[in-house]
Amino acid sequence: MKRILVGIKRVVDYNVRIRVKPDNTGVVTDGVKMSVNPFDEIALEEALRIKERGGAEEVVVATVGPAECQQQLRTALAMGADRALHVVADGIVEPLVAARALLKLVEREQPLLVLLGKQAIDDDNGQTGQMLAAMWNRPQATYASKLEVTDTTARVTREVDAGLETLDIDLPAVVTTDLRLNEPRYVKLPDIMKAKKKPLDTLSLAELGVEPRQQLKLVRFEAPPQRQKGIRVKDAAELVEALKKKGLL
Amino acid sequence: MSTQILIVAEHDGKTLNLSTAKCVTCARGLAEAQVTVAVFAASAAAVAEQAAKLTGVNRVLTIENPANEHALAAVLAPQVAALAAPFGLLLGPSTTFGKDLMARVAGLLDAPQLSDISAIESATRFRRPIFAGNAILTVDTTGVAKLVGTVRTASFEAAGAGGPAPIEKAAVEVALPTHTRFVSVSAAKNDRPDLQTAARVISGGRALGSADGFKILYSLADKLKAAVGASRAAVDAGYAPNEMQVGQTGKIIAPELYVAIGISGAIQHLTGIKDARTIVAINKDGEAPIFEVADIGLVGDLFQVVPEIERLIS
């Protein structure tokens with residue numbers, strides 16, 4: 001079956017103002033809204049569109065994380081994914097572990113395409129997609145802003161520092177998504193009801209034969225230094241004066 | 001961890017990208033660092049010569065192969081991995097080039113990666129921003145035999161001229177994949193300074209109203225010899241191309257002067273400019289969050305203020 005695997009991550013919602021805990025051991029997550037990582041939502045939307053165009057028959061969504069991640073998997077099912085895979089893992093899941101777990105799912109599911117967001121907005125690592133592609137020994141196209149899939153290849157437009165780069169890649173492959181690839185659909189209430197009946201399988205890292213290694217110790221979280229409050233000027237002339245005084249003109 | 005550090009050079013085939021000189025400064029933050037710069041190219045001589053002249057570089061390796069003409073991560077990563085044995089730390093810049101490549105290298109080596117390193121505290125302590133810069137994380141890497149990292153270029157000065165360090169050809173015996181093929185890169189050519197390295201940057205937001213509206217910015221930028229950037233909203237609206245985007249998912253910059261025009265200042269934008277020396281904000285909404293970080297703020301109509309500034313400095 002022509003299948004797309006989409007990796008998603010549960011993160012603190014995009015709109016939440018992040019606060020560092022007073023004891024510097026993390027950021028405040030109690031009572032904070034959690035969501036599907038926005039870049040992963042774009043990845044899922046793209047997978048659904050490919051399926052709707054007839055380019056795939058099934059969209060499977062997967063995550064690696066604690067029990068609460070099921071909420072985000074249900075959201076993904078409500079968006080339109082056909083089934084979900086939850087690899088249960090507690091504590092910090094480093095990108096190498098996430099990629100290793102996804103590789104095991106790839107071996108089981110044999111997808112023609114794996115789609116993920118280019119980075120998660122919590123740890124801003126931006127590693128999992130590339131690591132998966134490396135371990136799988138398959139092509140990667142990161143930062144995709146356009147994706148055209150044929151039976152055996154894909155043409156991907158990537159947002160790079162120089163502008164837009166186009167690559168041709170053989171399938172199967174890993175593609176990570178950038179902001180302008182698409183605008184994800186809103187979930188409708190009937191779809192949320194329907195999603196409750198869709199299959200959601202739970203697996204453990206041990207079942208997959210993946211070791212839950214944590215190699216990087218998170219020592220301390222701090223709020224970033226604040227900039228000093230500046231001055232207000234009333235017009236262009238005062239602005240130019242102020243810049244001259246600072247030696248900037 | 002060995003103090004041998006490998007830096008993968010970013011370049012366009014002719015010119016070494018300034019981001020590499022910033023990686024060198026980052027690497028030099030480690031005591032007793034021995035810094036090797038690797039240049040992967042179809043023909044590497046010109047770029048290698050520039051890398052060899054950076055102060056703090058001990059050695060430059062050139063890996064020449066027609067397959068290295070375009071920097072494809074799938075092609076470069078196995079070559080970087082093949083060179084990795086003697087090195088305790090492998091660094092690339094936190095640009096789209098380095099972010100794409102280094103995590104693939106880390107995957108091949110089964111080595112953990114630190115993204116966006118903003119400071120080195122010791123051989124095993126690094127700092128990096130997370131949550132779009134809303135928190136700074138200190139990470140301890142004790143026990144890690146081989147570490148991969150990307151360097152947040154806005155956090156480091158570029159290494160100056162020195163050397164020259166010796167240049168050696170390296171032979172890499174590794175099969176290269178053909179499953180990933182370069183087709184094209186499209187970038188608007190202009191004579192303005194490069195956004196990532198410019199001393200002055202003028203950025204526009206959605207308030208510019210159209211691609212045409214950006215013309216008053218280009219005009220002022222040319223007077224100031226400034227690069228032009230844009231907010232995500234302006235890029236999404238099609239007023240400016242993607243390579244101009246500044247922010248969490250665009251470019252992270254640290255110019256001497258940053259002028260934000262018609263930009264409200266979403267946190268994702270602010271994370272891209274917080275290292276600017278002086279921030280100027282021009283916005284008609286006096287409550288806009290950009291004013292919380294601005295050194296100089298002006299509440300007014302940008303379509304009157306911007307041409308007026310240009311007239312005053314002409």
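The values are calculated or read from the model by the stated rules, or taken from the named source; none is laboratory data. Predicted model only: the values in this text are computed from it and were never measured. Neighbour counts run over all protein chains shown; Cβ positions are idealised from the backbone, glycine included. We work out accessible area using only protein heavy atoms, side chains counted, and drop any ligands, DNA or RNA first. Shrake-Rupley method; radii C 1.70, N 1.55, O 1.52, S 1.80 Å.
Things worth noting here:
- Residues in the range B:101-124 that are more than 7 Å from every other protein chain (Cβ to nearest Cβ) and of a type in the set (D, E, K, R): B:Glu121 alone.
- Residue match in the range A:95-107 (condition: over 21 Å from B:Asp110 (Cβ atoms) and open to solvent by less than 10 Å² (accessible area, probe 1.4 Å)): no
- Among the residues of the range B:129-152, those that are under 19 Å from B:Ala276 (Cβ atoms), at pLDDT 95 or above and within 16 Å of the chain's Cα centre (by Cα) comprise B:Pro129, B:Val151, B:Arg152.
- Subset of the range B:274-314 (residues that are of a type in the set (A, V, I, L, M) and either touching a Gly at 6+ places or on another chain (Cβ under 8 Å) or part of a strand (DSSP E or B) (or both)): B:Ile279, B:Val280, B:Ala281, B:Ile282, B:Ala288, B:Ile290, B:Val293, B:Ala294, B:Ile296, B:Leu298, B:Val299, B:Leu302
- Among the conditions (1) in contact with a Lys or Arg (Cβ under 6 Å, 6 or more places away or on another chain); (2) open to solvent by less than 20 Å² (accessible area, probe 1.4 Å); (3) touching a residue at least 24 places away in the same chain (Cβ under 8 Å); (4) not aliphatic (A, V, I, L, M), B:Gly297 misses just one, which is (3).
- In the range B:73-100, the residues that are open to solvent by less than 10 Å² (accessible area, probe 1.4 Å), more than 8 Å from every other protein chain (Cβ to nearest Cβ) and among the aliphatic types (A, V, I, L, M): B:Val75, B:Leu76, B:Val80, B:Ala84, B:Leu89, B:Leu90, B:Leu91
- Test: residue in the range B:57-71 that is closer than 18 Å to A:Thr142 by Cβ, of a type in the set (A, V, I, L, M), within 11 Å of chain A (Cβ to nearest Cβ) and open to solvent by less than 40 Å² (accessible area, probe 1.4 Å): no
- For the range B:1-52, filtered to residues that are acidic (Asp, Glu) and more than 14 Å from every other protein chain (Cβ to nearest Cβ), the residue that is most open to solvent (accessible area, probe 1.4 Å) is B:Glu32.
- Checked against the criterion of being facing chain B (nearest Cβ under 9 Å) and either in a strand (DSSP E or B) or in contact with a strand residue (DSSP E or B) (Cβ under 6 Å, 6 or more places away or on another chain) (or both), the candidates A:Arg180, A:Arg213 yield just one match: A:Arg180.
- The set of residues from the range A:214-237 being open to solvent by less than 70 Å² (accessible area, probe 1.4 Å) and over 41 Å from the mean Cα position of the chain (by Cα) comprises A:Val233, A:Asp235, A:Ala236, A:Ala237.
- Filtering the range A:217-234 to residues that are more than 7 Å from every other protein chain (Cβ to nearest Cβ) and not polar (S, T, N, Q) leaves A:Pro225, A:Lys229, A:Lys234.
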